[in-house]
Amino acid sequence: MTGLYVQNLSYAYGAKQALRDVTFGVEPGQFCALLGPNGAGKSTLFSLLTRLFTTSQGRIEVAGYDMSRHPRAALARMGVVFQQPTLDLDLTVQRNLSYFAALHGLSGRDAEARISAALERLNMAERAGERARDLNGGHRRRLEIARCLIHDPAVLLLDEPTVGLDAAARRAITDHVHDLSREDGLTVLWATHLTDEISDRDQVVILHQGEVLKDAPCYEVTQGAPLQDVFLSLTGAPA
Amino acid sequence: MKAALTALRAIVIREALRFVRQRSRFVAALVRPLVWLVVFAAGFRAALGLSITPPYQTYITYEIYIVPGLCGMILLFNGMQSSLSLVYDREMGSMRLLLTSPLPRWWLLICRLLASTVISVLQVYTFLIVAALYGIDFPLMGYLYALPALIVGGVMLGALGLALSSTIKQLENFAGVMNFVIFPMFFLSSALYPLWKMAESSVLLRDICAANPFTDAVELIRFALYGAFNAPALGWTVLAGAVFIGLALWGYDPARGMKRQKG
């Protein structure tokens with residue numbers, strides 16, 4: 001199996017339970033939206049999925065690798081876009097990408113070719129020599145998405161990647177990542193607040209107070225009603 | 001193995017580029033010890049009489065005495081600076097990028113440590129060149145022998161910074177590090193005054209200075225600059241470095257480190 005599977009995952013900050021028995025799976029090629037109000041546990045879940053934290057309660061499997069037993073193999077198959085920007089603003093686009101490639105053990109011509117391909121894919125090839133600081137918010141995000149594809153991951157994790165972007169940039173990035181799942185078969189987990197980023201065919205996992213309330217295709221969850229309304233009635237909070 | 005070295009190279013280059021870009025940091029790193037050398041040492045020259053103790057074979061001026069201590073000071077400040085930049089990286093998110101690399105986490109931290117040491121050592125040599133132009137120089141071979149001593153000292157102090165950075169949750173808390181780590185470490189050492197001189201005023205103070213690993217790093221450098229080898233100083237510096245590295249790895253263990261830093 002090459003998707004993303006989470007089984008009975010729990011995590012607590014001291015006495016405060018942040019995740020309780022979370023279970024869901026995302027099949028290869030599927031775009032899964034992780035929806036939850038603030039404090040639902042999305043960030044904790046992302047930290048566990050990216051192994052910034054570990055927990056003994058529950059199991060995470062990434063592209064067939066168990067995160068606790070084979071953390072490095074699992075991380076190698078994963079591309080991550082964090083909520084916070086993680087670019088070196090004073091370095092050029094090219095340098096940012098080659099730094100990342102090197103962290104994944106890629107160098108020389110192989111890295112060069114992958115970097116050009118990644119930039120090409122996001123129509124950013126002509127910006128390779130620009131400093132990251134000189135890019136606008138939308139382009140910085142695009143660069144981060146290009147970066148997370150350099151090592152050919154099977155699973156993409158994106159933590160509210162469109163925060164702070166204008167409508168056009170948001171649409172472009174959302175569409176692009178949908179394409180990545182549909183056309184390239186990547187497994188995508190996309191955490192968001194914004195229900196308009198989710199299409200009918202997407203899988204929706206609704207997280208509330210550390211628990212999974214729903215895990216189903218979007219059309220099943222909504223039954224024709226607007227997702228925003230369904231979400232509100234389930235969680236009692238705006239998305 | 002190749003992947004590990006690729007990452008090391010990239011991390012060193014990134015730190016070097018960041019350092020070069022922050023020109024004010026470079027100037028500050030150079031001016032700080034030079035002010036001590038030119039102003040402070042000149043004032044103390046008359047007040048302090050130094051007798052002949054190893055590695056010196058003749059009477060020396062205070063300026064000559066203080067240079068190895070100032071080399072240590074550069075390593076100390078830079079170790080802390082690199083700790084500051086780690087805390088900054090964590091707030092900015094680039095720490096996440098580093099820690100989600102598929103390489104072992106201990107190796108990634110060692111890479112950061114080595115990168116900061118490279119920067120420190122380059123700064124020390126820049127300072128030594130300026131000091132030589134000012135008229136305070138050492139035997140030519142001393143500059144070569146000092147290299148391994150500077151690396152060992154730089155790794156030890158960088159590891160201290162790394163260990164501290166795992167406990168500092170916010171950038172604002174960094175001022176505390178200045179007051180409670182850098183100043184005591186620097187002043188309670190043999191950087192500015194020889195230990196026997198310290199003993200004349202207080203034996204307790206002398207003992208505290210002798211127990212300070214920064215003293216060992218400074219003495220290691222002092223001896224090396226004269227082509228001499230100070231085995232106990234090396235031993236204590238390496239031991240302290242190993243302890244600090246251990247603490248840093250423990251602090252960054254995913255099962256416990258960054259745990260309280262929700263987000």
- Enumerate the aspartates and glutamates that residue B:197 could reach by cross-link, defined here as Cα to Cα under 17 Å, with residues fewer than 8 away along the same chain left out. B:63, B:207, B:216, B:219
- Query: So if we plug the beta-carbon distance of residue A:57 and residue A:130 into 1/(1 + (r/R0)^6) with R0 = 51 Å, what FRET efficiency do we get, rounded to 0.05?
  - Reply: 0.70
- To the nearest 20 debye, what charge dipole does the stretch A:91-152 have about its Cα centre, counting +1 at the Cβ of each Lys and Arg and -1 at the Cβ of each Asp and Glu? 200
- Where does the stretch A:91-152 land on Rg/Rh, using Cα atoms and the Kirkwood Rh? 0.93
- Query: So what is the 222 nm mean residue ellipticity for chain B from helices alone, if each DSSP H run of at least 4 adds -39500 (n - 2.57) and you divide by all residues, rounding to the nearest 500 deg cm²/dmol?
  - Reply: -23500 deg cm²/dmol
- Arranged by the count of other C-beta atoms within 10 angstrom, fewest first, what order do A:211, A:144 take? A:211, A:144
- Query: Give me the Kirkwood hydrodynamic radius of the stretch A:85-239 in Å, from all C-alpha pairs, to one decimal place?
  - Reply: 16.9
- Task: Return a whole-number percent for the relative contact order of the stretch A:91-152, with Cα pairs under 8 Å and 6 or more residues apart as the contact set.
- Result: 47
- Query: At 222 nm, what helix-only mean residue ellipticity would chain A give, in deg cm²/dmol to the nearest 500, using -39500 (n - 2.57) for each DSSP H run of four or more?
  - Reply: -10500 deg cm²/dmol
- Go ahead and set up a Gaussian network model of chain B, Cα springs under 10 Å, then flag whichever of B:55, B:104, B:68 fluctuates most. B:104
- Item | Compactness of the stretch A:142-211, expressed as Rg and Dmax over alpha-carbon positions, Å | 12.3, 35
- Task: With springs connecting C-alpha atoms under 10 Å apart, model chain A as a Gaussian network and identify which of A:16, A:42, A:214 has the largest mean-square fluctuation.
- Result: A:16
- Neighbourhood net charge (9 Å Cβ-Cβ; Lys/Arg +1, Asp/Glu -1) for residue A:41: +1
- Query: For the protein assembly as shown, what is the charge dipole size about the Cα centre, in debye to the nearest 20, if Lys and Arg each add +1 at the Cβ and Asp and Glu each add -1 at the Cβ?
  - Reply: 980
- Item | Viscosity 1.306 mPa s, temperature 10 °C, Stokes-Einstein D of the protein assembly as shown from Kirkwood C-alpha radius, µm²/s | 63
- Task: Specify whether the C-alpha gyration tensor of the stretch A:1-71 places it in the rounded, prolate or oblate class, a ≥ b ≥ c being the square roots of the eigenvalues: rounded for a/c under 1.5, otherwise prolate if a/b is larger than b/c and oblate if not.
- Result: oblate
- Principal axis dimensions, largest first and in whole angstrom, of the stretch A:34-82 by Cα: 31, 24, 16
- Query: Rg to Rh for chain B: what is it, with Cα atoms only and Rh by Kirkwood?
  - Reply: 0.98
- For chain B, with the dipole built from +1 on Lys and Arg beta-carbon atoms and -1 on Asp and Glu ones, taken about the Cα centre, which of B:126, B:158, B:136 lies farthest toward the positive end? B:158
- Message: Is there a quick way to get the dipole size of chain B? I mean about its Cα centre, with the Cβ of Lys and Arg at +1 and of Asp and Glu at -1; what is the value in debye to the nearest 20?
- Response: 1060
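Since every read-out is calculated from the coordinates, none of them should be taken as a lab result. Computed from a predicted structure; not experimentally measured. Glycine also receives a Cβ, built like all others from the backbone with ideal geometry; neighbour counts cover every protein chain displayed.
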